[in-house]
Amino acid sequence: AAMVQKYQSPVRVYKHPFELIMAAYERRFPTCPLIPMFVASDTVNEYKSEDEAIHVIERRCKLDIDAPRLLKKIAGVDYVYFVQKNSLNRRERTLHIEAYNETFSNRVIINEHCSYTVHPDNEDWTCFEQSASLDIKSFFGFESTVEKIAMKQYTSNIKKGKEIIEYYLKQLEEEGIITFVPRWPPPVACKSESNTCHPRRPVSPAINIPESATKEGLSNKEILNTSSSPSEPTAGTPDDKLDADYIKRYLGDLTPMQESCLIRLRQWLQETHKGKIPKDEHILRFLRARDFNIDKAREILCQSLTWRKQHQVDYILDTWNPPQVLQDYYAGGWHHHDKDGRPLYVLRLGQMDTKGLVRALGEEALLRYVLSINEEGLRRCEENTKVFGRPISSWTCLVDLEGLNMRHLWRPGVKALLRIIEVVEANYPETLGRLLILRAPRVFPVLWTLVSPFIDDNTRKKFLIYAGNDYQGPGGLLDYIDKEIIPDFLGGECMCEVPEGGLVPKSLYRTAEELENEDIKLWTETIYQSASVFKGAPHEVLIQIVDASSVITWDFDVCKGDIVFNIFHSKRAPQPPKKDSLGAHSITSPGGNNVQLIDKVWQLGRDYSMVESPLICKEGESVQGSHVTRWPGFYILQWKFHSMPACATTNLPRVDDVLASLQVSSHKCKVMYYTEVIGSEDFRGSMTSLESSHSGFSQLSAATTSSSQSHSSSMISR
């Protein structure tokens, strides 16, 4: 069976007294030219109290529903009948309306409740509210069609309701009645024999809502107050329900069903989440992120509320001070607003040493910083909504990629970025109004390939990517941002306060040791492996390539000692390594990961060949590189102990060499490495794109070869 559809309206405030609104309302009967489908109505029941304070009238209304002819034929009816019962209490100044369908009542159950009441803060104003439920049990196999027709008809009637009252108010005004509609005369004295006089409002019950609805969170008590800022007098809201004017001013144009979802989700939160509940605009973001599916939105919103509590995110702006490194080297900041009034965030990603920041701070501090930026974004949206007089619920982000290079593809950095994107997507949905990516270099597609799967489809539609200087041309930056605020580094005239970025000094890095001892073993645990390299016992890693044009990428840190890095190719598979390959060194490093694959009898040039020139790497260096494979087969990455060149030239042992050899540890080097093979198609475009990564950050090492055989670049950040 289909689900029960529910509707709950915001409060509509008429700035007219109740009696006048009643005079206008009564003009809808028996028929109303403004509602063509309302063909006729007959009074079937009527009751008036002796003093005429209470008037109950029950009507049978005949509706000509706008439905396909075929459906009417199958159903065998031309008209649908509803029963509408209106209870007017002139003393209390309330009108309660209940309606339900008589036609097909065994197949479809429709209930509607409306009320007109006096505004609690102004007795010359009137509030209107309505709620309804639709339950389709069965309808000749056309349940979903009937549901769509019913919802469409209903929402169009909701919109009409207000127009109709306003139409009749105007009519009354033209007839000169508007000046004054007298109130019902209150009783002068209480005669003891009469029981028509009640000292306290006994008659009008609360809006009559069916039990089933109340269970579903359709109750009409609300706790939280969202009155608009004092500078803007809008009609205040009874019991803090959302009123229609407030929604339009602060949240935007919503369809009736969207308003209903917001109101119901908000009521549910107030009943279940005592304490802090999010602002209306934030609840609305979660609804938008799930296309107003109330259950799905509720689920992600609850997860987010739990997450906020766990990580004390509500207090982040007031209590957390970002470390100095971030303030100095994180090249991002807020910068005025775009043409739509959205706050503008500028990020000079290409100038930012993401690797250095992760190495110096770890992922957590970076994540926390990004969260504080998002919290500030929410605050700025609220601010701009007040300033610009219209709802602004998202910001624009401008990312300048000038300077982006291989260093930005450092895997732990990319993984940290993905984790951050995931957290932001989950907890700040629908906050990114537009993302302008400027000066995208040729290496960008690689980064994009890695990142884009983590980005929600809705969000991805908001990305605009410009290569080179395209952003200066037509359809560029000027379409989105005023000329006066285009930052200086993009050729504008506006001084931009965003930090320049630049390399994080190595002295600020945490050592491999510190990282290993950290609770969050950030990247050591996940994707980095550590290996020991001894004199005479290199560490080797085998990579089997099936598709000739793959890309082998590597990324390693030399934690201790100096090493030589090589990459070889062989057509035949090396023998599996022997267990005791460490030989004498096993005593010194019981846990060291050390594997030899190249057989002692193999000859270079016959059994295997060198495909890159050897690269000498000093202690403390970070090396990244890639090799585009020319043939299938077996590739071996090798880290080899780098023996002192001095010995080679003189053959006489120098004193410090002798001393060094006495300490076993000096024969042991340590590397932390990560390798990955990427299919060539993932590079989307030129293979040489990897080579074009010269930038202020990295010099290509002297050893890089770029022959017809392979395109490769090994980068060292010193």
Revision key, fill the gap. For Lys276, the aspartates and glutamates lying under 12 Å Cα to Cα, once residues fewer than eight places off in the same chain are dropped, come out as Asp314
Check your understanding: On average, how much accessible surface per residue is there in segment 244-311, in Å², for a 1.4 Å probe, leaving out ligands, DNA and RNA?
Key -> 45
Revision key, fill the gap. Around Tyr673 (Cβ within 14 Å, Cβ-to-Cβ, excluding Tyr673; K/R +1, D/E -1) the net charge comes to -1
**Study point:** Whichever lysines have a C-alpha closer than 22 Å to that of Lys170, once near sequence neighbours (fewer than 8 apart) are set aside
**Key:** Lys15, Lys159, Lys160, Lys162
Practice item. Report, in debye and to the nearest 20, how large the dipole of segment 315-507 comes out about its Cα centre when Lys and Arg carry +1 and Asp and Glu carry -1 on their Cβ. Key: 600
Review point. Per residue, what accessible area does segment 315-507 have, given a 1.4 Å probe and all protein chains present, in Å²?
Key: 41
Check your understanding: How about segment 406-456: which chymotrypsin sites (Phe, Trp or Tyr not before Pro) there are in a DSSP loop, with at most 13 other Cβ atoms within 10 Å of their Cβ?
Key -> none
Study note, to complete from the structure: Beyond 19 Å, the calculated P(r) of segment 313-387 holds a percent of Cα-Cα pairs equal to 41
**Study point:** Per residue, in Å², the accessible surface of segment 1-112 once ligands and nucleic acids are set aside, probe 1.4 Å
**Key:** 50
Review point. What translational diffusion coefficient, in µm²/s and rounded to a whole number, does the Stokes-Einstein relation yield for segment 244-311 at 37 °C and a viscosity of 0.692 mPa s, taking the hydrodynamic radius as the Kirkwood radius over Cα pairs?
Key: 268
Revision key, fill the gap. The aspartates and glutamates whose Cα lies under 13 Å from the Cα of Lys339, excluding any fewer than 8 residues away in the same chain, are Asp479, Asp482, Glu484
Review point. If we count every other residue with Cβ under 11 angstrom of Arg439's Cβ, Lys/Arg +1 and Asp/Glu -1, where does the sum land?
Key: -2
Revision key, fill the gap. Set Lys72/Lys148; Lys296/Lys462; Lys506/Lys618; Lys248/Lys279; Lys535/Lys640, cut-off 18 Å on Cα-Cα distance; pairs above it are Lys296/Lys462
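The values are calculated or read from the model by the stated rules, or taken from the named source; none is laboratory data. Here the structure is a predicted model, which is why all the values come from computation and not from measurement. In this analysis, Cβ positions are derived from the backbone assuming ideal geometry, glycine residues included, and neighbour counts consider all displayed protein chains. Note: accessible area is taken over every heavy atom of the protein model, side chains too, but ligands, DNA and RNA are not part of it. Shrake-Rupley method; radii C 1.70, N 1.55, O 1.52, S 1.80 Å.
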